Amino acid sequence: MLASFCSYYLNHSDIGPSSSHPQNRRLHCPTDKSMIIENFNKHFSTAGHAFRLATSTSANSSAPPAAPRPSLSRFSFTQIQIADVLKELQNLDPYKSAGLDNLDPLFLKLSATIVATPITSLFNLSFISSEIPKDWKAAAVIPLFKGGDTLDPNCYRPISILPCLSKVFESQVNKQVTDHLESHRTFSAVQSGFRAGHGCTSATLKVLNDIITAIDKRQYCAAVFIDLAKAFDSVNHHILIGRLSSLGFSDDCLAWFTNYFADRVQCVKSEGMLSGPLAVSMGVPQGSILGPTLFSVYINDVALAAGDSLIHLYADDTILYTFGPSLDTVLSNLQTSFNAIQHSFRGLQLLLNASKTKCMLFNRSLPAPACPTSITTLDGSDLEYVDVYKYLGVWLDCKLSFQTHIKHLQSKIKSRVGFLFRNKASFTHAAKLISAHWSRWQHPSVARAPAGVSH
């Protein structure tokens, strides 16, 4: 990985050698690994600035209004109990990596009965002082290649490793926060991300049920699959604190969360090397326990802008869709709702990724034009119409035949069972039986051959 990036940054960074001779670049590659991880860190730590750099119209949009919640009670942190911390420590995965504090999860797990009491006192002291130890706000980031161009830093996913104690603490805080939010039905009914009793399956079923019902009524249905650029990294802390305030969080809680976001740093770790620390001034902490819940709070009220269209939110995956007997009316309503949603996202300083935001017309039998009316962004870009799109792990096609999804499943099963067959000598008896069945599936004529017939 570093070898590929060495070439990239020697050609694109102003830190690289002044000579453009290829031989000079090759000579510098072995000694420039530290430069590469520093550039990785710079790239990842500034990922949340995409909106500010890409648009100058943020002043024209404001954050979506908070839903009215007249009876919402005040929320304050309650003392964490030793028994709860002890249980968390005993359930730690000993194979997880330690954070930058080098406090190994295995050590905490083995010493749980001894350290649970002082750790609990430390957690409760954080509530009282509205401060979090700075060591708990430092993340080690590992670049993980996710496919595409090996020389493009955007093709690497930052995997954040936080100190183990910070995650234990956040787990307790998150439980109190989610209990408050769920007990007051704070989340929108169309918000499925990171909620108990909700998930990709429930979200997909809700959307599919709406679309199939419309198709069965011989109505046109059109959808926009909205993609946001670096959404989790782009959360504005000031806006998020305002959201928490509107949800009844006490001044002490708001002070704690303000400190939680302050002075966060990260270092990139790769091939035994560690970059210097860089400040992270935006976003919810990747790899944290609280991050997904806070992001759901941040975008929850975007649903209010959907107007006459339907919307469903799952983390940073948003689908906007509408249906009716007239295709022109459907597309017109969808455009109006899409404009309002874009303004809401801009108000939250979240950047639309127009190249990955797609449209689809769901239709099995109704007449439809070869080139339907374009759905456009606020910047005037036409969205691409597609016949297939992967939504929350399910490949949807415009006729809802699910043939594409079935083919992907078949390919995945074939690959995994094939692995078992090729390595059957190393597996248990049960796995060998699977391999035997796989062999018959691959060669069905063998399974059907009469006794005594050889091949």
- Query: Quick one: in segment 138-159, which of the residues that are outside any strand (DSSP E or B) and either under 13 Å from S270 (Cα atoms) or touching a Gly at 6+ places or on another chain (Cβ under 9 Å) (or both) is most open to solvent (accessible area, probe 1.4 Å)?
  - Reply: N154
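Across segment 246-291, what is the number of residues that are of a type in the set (A, V, I, L, M, F, W, C), open to solvent by 20 Å² or more (accessible area, probe 1.4 Å) and under 14 Å from V177 (Cα atoms)? Working first, answer last.
Of the residues in segment 246-291, the ones of a type in the set (A, V, I, L, M, F, W, C) are 247, 249, 253-257, 261-262, 265, 267-268, 273-274, 278-280, 282, 284, 289-290.
Then keep just the ones that are open to solvent by 20 Å² or more (accessible area, probe 1.4 Å); that gives 254-255, 262, 265, 273-274, 278-280, 282, 289.
From the residues that got through so far, the ones that are under 14 Å from V177 (Cα atoms) too are 254, 289.
Summing the residues that are of a type in the set (A, V, I, L, M, F, W, C), open to solvent by 20 Å² or more (accessible area, probe 1.4 Å) and under 14 Å from V177 (Cα atoms) in segment 246-291 gives 2.
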- Item | Residues of segment 325-353 classified as outside any helix (DSSP H, G or I) and either open to solvent by less than 10 Å² (accessible area, probe 1.4 Å) or among the acidic types (D, E) (or both), total | 2
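From the list L304, L313, exactly one residue is within 23 Å of L247 (Cα to Cα), surrounded by fewer than 18 Cβ atoms within 10 Å (Cβ to Cβ) and in contact with a helix residue (DSSP H, G or I) (Cβ under 9 Å, 6 or more places away or on another chain). Which is it?
Checking each option against the conditions leaves just L304.
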- Message: Anything in segment 354-393 that is touching a residue at least 60 places away in the same chain (Cβ under 8 Å), part of a strand (DSSP E or B) and open to solvent by 30 Å² or more (accessible area, probe 1.4 Å)? List them, or say none.
- Response: K358, L361, Y389
- Task: Mind listing just one residue for me: the one in segment 185-215 that is among the charged types (D, E, K, R) and assigned to a loop (DSSP other than H, G, I, E, B) and, of those, surrounded by the most Cβ atoms within 10 Å (Cβ to Cβ)?
- Result: R195
- Message: If Y321 satisfies all but one of (1) on the phi < 0 side of the Ramachandran plot; (2) part of a loop (DSSP other than H, G, I, E, B), what's the number of the condition it fails?
- Response: (2)
- Note on the structure: When (1) under 20 Å from F77 (Cβ atoms); (2) touching a strand residue (DSSP E or B) at 6+ places or on another chain (Cβ under 9 Å) are applied to K167, the one that fails is (2)
- Task: Answer with yes or no whether S121 is in a loop (DSSP other than H, G, I, E, B), open to solvent by 20 Å² or more (accessible area, probe 1.4 Å), over 30 Å from L274 (Cβ atoms) and of a type in the set (G, A, S).
- Result: no
- Query: For T186, which of the numbered conditions (1) within 30 Å of F323 (Cβ to Cβ); (2) touching an Asp or Glu at 6+ places or on another chain (Cβ under 7 Å) fails to hold?
  - Reply: (2)
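Taking the stated definitions as given, is T201 over 30 Å from D397 (Cα atoms) and among the polar types (S, T, N, Q)?
Details: over 30 Å from D397 (Cα atoms): no; among the polar types (S, T, N, Q): yes.
Answer is no for this residue.
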- Message: Anything in segment 349-390 that is over 22 Å from N339 (Cβ atoms) and in contact with a strand residue (DSSP E or B) (Cβ under 7 Å, 6 or more places away or on another chain)? List them, or say none.
- Response: N363, L366, A368, D387, V388
- Message: Which condition from (1) under 30 Å from V265 (Cβ atoms); (2) open to solvent by less than 20 Å² (accessible area, probe 1.4 Å); (3) part of a loop (DSSP other than H, G, I, E, B) is the one that V177 breaks?
- Response: (3)
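The values are calculated or read from the model by the stated rules, or taken from the named source; none is laboratory data. Everything quoted here is computed from the prediction, not taken from an experiment. When we count neighbours, we look across all protein chains shown, and the Cβ atoms used for this are built from the backbone with ideal geometry, even at glycine. The area values use the complete protein model at the heavy-atom level, side chains included, leaving out ligands, DNA and RNA. Shrake-Rupley method; radii C 1.70, N 1.55, O 1.52, S 1.80 Å.
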